[in-house]
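Undergrad: Quick one: the structure is below, questions incoming.
Values in this text are rule-based calculations from the coordinates and carry no lab data. What you see is a predicted model, and the numbers here were worked out from it, not measured in a lab. Glycine gets a Cβ as well: all are built from the backbone with ideal geometry, and neighbour counts include every protein chain shown.
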Amino acid sequence: MKVLVVGSGGREHALAWTLLQSPNVGYVFCAPGNGGTATMANCQNLPLAVEDFAGIANAVTENQVALVVVGPEVPLSLGIVDYLRKQNIAVFGPTKAGAQIESSKSWAKEIMTQANVPTAKSATFTDATAAQEYIRTVGAPIVIKADGLAAGKGVIVATTVNEAIAAVTKLLDGNSGKLVIEEFLTGSEVSVLAVTDGKTIRPLAPAQDHKRIGEGDTGNNTGGMGAYSPVPSVTDQLMTKIKQEILQPTLEALKQKNIDYRGVLYAGLMITPTGEPKVIEFNCRFGDPETQVVLPLLDTPLDEILLACVEQRLEQLPPIKWKAGSAVCVVAASGGYPDVYEKGKAIAGIQEAIAQGAIVFHAGTKLSQEQIITDGGRVLGITAVADDFNQAIASVYDAVKSIQFEKMYYRRDIGHRYSQ
C-alpha cells in the first residue's frame, strides 16, 4: 500500500521511516517532508503545505494512496480530517472538534472536569488585569498557558509573582486572547501516547521528554530537546491506572460530545511524589520527540494499528508488541533556538552517525543541491536503540559527536532523570 504523511518535522520522518519497515507498505509520500524524507528510499516529498487540503486530497487520488497520516496539530485544528473524510479518504487523526483538546487549553480543562480526570487546579482569563489580580492572590510558583496553539512554547512556569504578571502580558499578545493559569505541580513528567478508534483506546510505550532548552531542565520551554522510552517509573500498575482514570474517561467525555475521535490522544502527565498521575495537558497527535523513541521500539507494523483506528476495529487488533530494550533521542538544534536562530548551515556527519548504528531523524532540514542544510530550530533527532538504557545513552552521544553544523547545540544530560 501507499501512505501519505502530512508534515515536515522529526515526528513525520519517524512516521515515514516506521511505516516503510512494514511488509504491507511499499511507498510513502510526505507533504511537504524534509531533507531526511527527501533522501529516504521508497519515499517522495510533495511540495504541498500542510494547510493545502485540496492539494493533499488530489495527491491521494493521483497516487492511489490508501491511508493519510496527519502529523502536526495545525492541520488537525483546521479540520483536515473533516475535509478528507468527506471525500471518503482514509485518514488517521481527530476531527477539528476533537483537535480542540490541544487547540484550546480551556476546552480541554472543561472536558477533564466533566470526566473527573485528575489535573492541576486552574482558572481561565481573557482580561489581563483579572489574571494578574488572581496571580497576586494565589502566589507563585504558578503556570501560565496560552489557550491556543503555540508550537510547544506557549507555557511559562513562573517562580515569582512578578514573573507571572509579566507572562500574562507576553502570552495574551498574539494568541487567542485567552489564558489558562494553573497550580504548579511537582513530580516527574511522563508522556503517554495512546491510539484510539473512538471506541477503544490503547496506550503505547511511555516516554519522557525534556522540554527546557538548558541542562538541568533550565531556561525556556521548547518543542522538546530529547526523550527516552520506556520509563522505568511507569510500571504496568501505573499504566493501568492512567488508562482507567485518565484515558478512558477522557474518551468517554469526547463521545458524550458526539466527537468521533480516531487518532492519537497524547497525555502529558505529572506523576506526583505520591505516585498519582495528573494531566498537565492533552495533545491531539503524536509527540515530537517522543515519537522518535516510541516507534523504533514498536514491533507490530504501524500501518496495522493506524488502519485499525481509522476503520474502528481496534478492539479486534491483537495486543501491540514491543521490542525489548531502550531508545534515546537527542535533539541537535540551531544555536539561539527557541528564540532567534539562523538557517542554511551545511550539515556534516549524518552518514557517520548512521554507520555507528544510530537512526537520524531529520526535523528542520532541507535538501539543497545534494547538500543537507539546516532549515529550522530543531534540526535533527539522533536516536539510538540498545538492550538497555545505559547502552542506548552511550551510543546516542557517540553518534551525536559525529554530526556537525555551525552553532549546533544539544543538551548533554538527556535521560538524567531515568532512575528517579
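Undergrad: Please report the net charge: other residues with Cβ closer than 11 Å to the Cβ of Gly219, K and R +1, D and E -1.
TA: Every neighbour counted, the sum reads 0.
Undergrad: Ranked by Cβ crowding within 10 angstrom, fewest neighbours first, how are Lys278, Lys257 ordered?
TA: Lys257, Lys278
Undergrad: Still on this model: Over the chain, what is the relative contact order in percent, taking alpha-carbon pairs closer than 8 angstrom and at least six residues apart?
TA: Contact order relative to length: 17 percent.
Undergrad: Could you line up Glu290, Glu215, Glu182 from fewest to most neighbouring Cβ atoms inside 10 Å?
TA: Ordered by Cβ neighbours within 10 Å, fewest first: Glu215, Glu182, Glu290.
Undergrad: Students often forget the sequence filter, so: which lysines lie under 25 Å Cα-Cα from Lys86 once same-chain residues fewer than 8 apart are removed?
TA: Cross-link targets: Lys2, Lys96, Lys199, Lys255, Lys257.
Undergrad: Sticking with this structure for a sec: Per residue of the chain, what 222 nm ellipticity follows from adding -39500 (n - 2.57) for every DSSP H run with n ≥ 4, rounded to the nearest 500?
TA: When only DSSP H runs of four or more count, the value is -8000 deg cm²/dmol.
Undergrad: Among Asp288, Asp209, rank each residue by its count of other Cβ atoms within 10 Å, from fewest to most, as a rough exposure measure.
TA: Lowest to highest Cβ neighbour count: Asp209, Asp288.
Undergrad: Oh, and also: Net charge within 14 Å of Lys278 by Cβ-Cβ distance, Lys/Arg positive one each and Asp/Glu negative one each, not counting Lys278 itself?
TA: -3
Undergrad: Among Lys178/Lys243; Lys121/Lys170; Lys366/Lys401; Lys105/Lys178, which pairs are too far apart, with a Cα-Cα distance over 19 Å?
TA: Beyond 19 Å: Lys178/Lys243; Lys121/Lys170; Lys366/Lys401.
Undergrad: Same structure, new question: What is the sum of charges around Tyr228, taking Lys and Arg as +1, Asp and Glu as -1, for the other residues whose C-beta is under 10 Å from the C-beta of Tyr228?
TA: Result for the local shell: -1.
Undergrad: For the chain, with only Lys/Arg (+1) and Asp/Glu (-1) charged at the beta-carbon, what is the dipole magnitude about the Cα centre, in debye rounded to 20?
TA: I would put it at about 280 debye.
Undergrad: Another question about this same structure. Counting DSSP beta bridges with both partners in the chain, what percentage is antiparallel, nearest 5?
TA: The answer is about 80 percent antiparallel.
Undergrad: With +1 on each Lys and Arg Cβ and -1 on each Asp and Glu Cβ, and nothing else charged, work out how big the dipole of segment 326-409 is about its Cα centre, in Debye to the nearest 20.
TA: 220
Undergrad: Also, quick follow-up: Considering all projection directions equally, how large on average is the shadow of the alpha-carbon convex hull of the chain, in square nanometres?
TA: Across all orientations, the chain yields a mean hull projection of 18.9 nm².
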